[in-house]
Amino acid sequence: MLAYYIEFNLGVSGVLQTFILWINPFATSMILLSLSLYFKDTKKSGYFMLVMYFIISLLLYINVLYYREFTDFMTLSTILGNLGLEGGSNVSSGLIYSFLVMLRVWDIVYWIDFIFLTWLIRKKVKATETNVLQEKKPFYKRYAVAASLSGVALLFGNLVLAESDRSQLLTRTFDRNYIVKYLGINFYTGYDAYQTVRNNRIRAQADEGDLNEVFEFAKENNAAPNDEYFGLAEGRNVITLVLESGQQFMVDYNLEDEDGNSYEVTPFLNSIYHDDSTISFNNFFHQTGQGKSSDAEVLAENSLFGLPEGSAFHTLGSDNTFHAAPKILSEEKGYTTAAFHGNTGTFWNRTGTYQNLGYDYFFDSQYYDMGEGRTLDYGLKDKLFFHDSVEYIEQLPQPFYSKFLTLTNHFPYPLEEENASIPKANTEDDTVNSYFQTMRYTDEAFEEFFNWLKDSGLYENSIIVIFGDHYGNSNMRNPYLAPLLGYDAEEWGDFENAQMQRVPLMFHIPGYTDGEIKETYGGQVDLLPTLLHLLGVQTDSYLFMGQDLLSEENDQLVPFRNGNVLTPEYHFIGSNIYDAETGEILDETLSEEEIEELRELADHGRERLTNSDKLLSLDLLRFYQPVTLESWEPNTYLYQDQMNDLRNNPKAETSLINQHDGESTADLYETDAPELEENQEDDTVEPLNEEENLDEENPENNQEVDRDQNSDQE
């Protein structure tokens, strides 16, 4: 019960919802614990009860930890994926670390009752072992049955009350918060397990006829390309930089320290964002669910949403058919395709999924030096990642489609003093404070990479796509961030949280001079059709859920995995309708007819979620093959001995290294990464006197940076 009020944001209001919240943990707990009463032996009965109570307590605590970061509840798909039992991968190492840093000293309160019950049962068992008469006490089956039936009756009453307050709770909801609020953690877990098994069975029974409705929706949803932009970047290399945990508010943001000194957090990204060669978007939203970074890849490269539960990469990536960017560009335009990631290929089941997405090459951690000091919690540091990727990039036959997944700006945002070039923020949350430093580090890594692109000759014939994969700070942390953004933390609510889901999107096209900042509303699901049209690829034969952001037919509907829908005029958040400009709740000012009309608009946006879920969960794309795509066997992409494969590629003469007559361009890469030997100070050189380092003209540069790494992080 304590977690309901302290940890979970369930939106409870009114006497009825409060009453339901108070009774919902007891029904399922009573049913589970009553099973122990069916044992005649006191010892077996006690220990069985203890095991059941431990499972209930553990289930609650796991969800407490998970909710602290993701503002959501754990699903069976997520659990199985993290254990390596779904999708053929294991990402537990990084996620376990995240769980560890989310621990709190006061979490002991979630285990006090279990500890007390353990003591009580052991005392009871010990007493029976010394008291033969007590051990042989009669077994009253009717007590056990009565306890079980009482639990069932309480559960039935709980369901009736929940249905009266929230109709169709189990058949028409996008938010797991509702199920927990009305029925409790235990019921939610059982219901989720049932849904998972049920969906797997349905997938096995799907046939071509199930595709018809989705096919019609996708055709109606398609937005024709804008002639002004179609083919603008045709024939260019595609370099996609995925900005880990990058949020739009960081663009043009200046951080002030306690002394009033101002620090530009992302100076390089700011310059690209405003560049005449860049088409930027300031109302672009992430639409990820529980799959986070992997969901962002599903959205951006397939124009489909992640699953309502778990990660599509984990659950379906190794088995499903996809019409993804790598395969499309390879088949239609002859692109070489490659992905780069400074972590293991099993993380989020990327190796298995990339095979099905059609990536020719995947350079994961086995291709990088992951030695001591070069990595952080989730993989290789960004400056080293880009620096070390050069030897592989220059071997790629052109034109190529490439994706680079950055990692340094990843929760919980640790960074050593030697890599931090600006101070931390000064809030009451250390994770929020560190976020600004790691964001700046990644910004510097981007700049170094851009400089190499220019020096090597790749820059002019490329389109560089930069987008954020998901939020950097969860809704529970946003109130700590509020004062830095000019908001009152006490007045922070659902509307403000929705605004924080914006992430950067930039299409940087060297040589193009009519760039601008677009205010079009859109989401990650719209990225692929936009990019393909810029590259001169028609999309009307593909079943995409997104629309070209540059199309005049774009309807600017942004649906989220939790069922919220945003438009330029209205924000549909939970059960409320907000004015998009003022944040005012409009439910009481609109007529019933207006509300119904607006809700139909929101439902149309949610249809994209529904149809996307059908495509993925039923693997319907196996029944549809566009004429532009050939079938292929994913196991032909083994990602082994890739350097040798690149050198023997029939198109190897088009690679950058061959354009430089076989000479590597690695020496052109300049980085200040202190981990590299050339950037380490020679011990024989005496350091300058501290006073000689003072900058008299710019005293703000002399401020000491607070780099306290002993943060109480999630």
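The values are calculated or read from the model by the stated rules, or taken from the named source; none is laboratory data. Note that this is a predicted model, so its numbers are computed, not measured. All Cβ positions, glycine included, derive from the backbone under ideal geometry; neighbour counts span all protein chains shown.
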For this session: Would you mind telling me which numbered condition in (1) in a loop (DSSP other than H, G, I, E, B); (2) at pLDDT 95 or above Lys327 fails?
Result: (1)
For this session: Scan segment 575-595 for residues that are in a loop (DSSP other than H, G, I, E, B) and touching a helix residue (DSSP H, G or I) at 6+ places or on another chain (Cβ under 6 Å) and jot them down.
Result: Gly583
Problem set entry | Candidates Ser462, Ser474, filtered to the one that is closer than 20 Å to Ser293 by Cβ and assigned by TED's automatic domain parsing to the domain that holds Pro267 | Ser474
Problem set entry | Exclusive hit being assigned by TED's automatic domain parsing to the domain that holds Val432 and either free of Cβ contacts under 8 Å to residues at least 60 places away in the same chain or crowded, with 18+ Cβ neighbours inside 10 Å (or both), set Asp257, Asp192 | Asp257
For this session: Sort through Gly536, Gly511, Gly486, Gly493 and tell me the only one that's surrounded by fewer than 18 Cβ atoms within 10 Å (Cβ to Cβ), in contact with a Gly (Cβ under 6 Å, 6 or more places away or on another chain), in the same structural domain as Pro326 (by TED's automatic domain parsing) and not aliphatic (A, V, I, L, M).
Result: Gly536
Exercise. Only one residue in Phe305, Phe313 is part of a loop (DSSP other than H, G, I, E, B) and either touching a Ser or Thr at 6+ places or on another chain (Cβ under 8 Å) or of a type in the set (Val, Ile, Thr) (or both), so which one is that?
Worked result: Phe305
Exercise. Between residues in segment 52-64 that are over 15 Å from Ile121 (Cβ atoms) and residues that are charged (D, E, K, R), which pairs lie under 6 Å by C-beta distance while being six or more apart or on different chains?
Worked result: Val64/Glu7
For this session: For segment 514-533, enumerate the residues that are of a type outside the set (A, V, I, L, M, F, W, C) and either outside any loop (DSSP other than H, G, I, E, B) or not assigned by TED's automatic domain parsing to the domain that holds Asn611 (or both).
Result: Glu516, Lys518, Gly522, Gly523, Gln524, Asp526, Pro529, Thr530, His533
Problem set entry | Top-ranked residue of segment 370-400 - restricted to ones that are under 26 Å from the mean Cα position of the chain (by Cα) and of a type in the set (Asp, Glu), ranked as farthest from Lys333 (Cα to Cα) | Asp377
For this session: State the number of residues belonging to segment 654-681 that are in a helix (DSSP H, G or I) and either modelled with pLDDT of 95 or more or of a type in the set (A, V, I, L, M) (or both).
Result: 8
For this session: Looking only at segment 107-134, count how many residues are at pLDDT below 85 and either of a type in the set (Lys, Arg) or out of contact with any Lys or Arg (no Cβ under 8 Å at 6 or more places or on another chain) (or both).
Result: 8
For this session: Inspect all residues belonging to segment 583-592 and state whether any of them is surrounded by 12 or more Cβ atoms within 10 Å (Cβ to Cβ) and within 21 Å of Ala339 (Cβ to Cβ).
Result: no
For this session: Filter segment 1-51 down to residues that are surrounded by fewer than 18 Cβ atoms within 10 Å (Cβ to Cβ) and either touching a strand residue (DSSP E or B) at 6+ places or on another chain (Cβ under 7 Å) or among the polar types (S, T, N, Q) (or both) and give me whichever is nearest to Ser150 (Cα to Cα).
Result: Thr18
For this session: Could you look through segment 563-615, keep only residues that are within 30 Å of Ile202 (Cα to Cα) and small (Gly, Ala, Ser), and pick out the one that is modelled with the highest pLDDT?
Result: Ser612
Seminar exercise, completed: The condition from (1) more than 22 Å from Ser462 (Cβ to Cβ); (2) among the aromatic types (Phe, Trp, Tyr); (3) touching a Phe, Trp or Tyr at 6+ places or on another chain (Cβ under 6 Å) that Phe285 misses is numbered (3)
For this session: Filter segment 266-282 for residues that are surrounded by 22 or more Cβ atoms within 10 Å (Cβ to Cβ) and either of a type in the set (D, E, K, R) or part of a loop (DSSP other than H, G, I, E, B) (or both) and give the result.
Result: Thr266
Exercise. For Asn635, are the conditions met, namely being out of contact with any Pro (no Cβ under 8 Å at 6 or more places or on another chain), in a helix (DSSP H, G or I) and at pLDDT below 95?
Worked result: yes
Problem set entry | segment 555-574, residues that are over 17 Å from Gln287 (Cα atoms) and either part of a strand (DSSP E or B) or not assigned by TED's automatic domain parsing to the domain that holds Gly306 (or both) | Tyr570
Exercise. So Ala223 fits all but one of (1) without any contact (Cβ under 8 Å) to a residue 60 or more places away in the chain; (2) part of a loop (DSSP other than H, G, I, E, B); (3) of a type in the set (A, V, I, L, M, F, W, C); what number is the exception?
Worked result: (1)
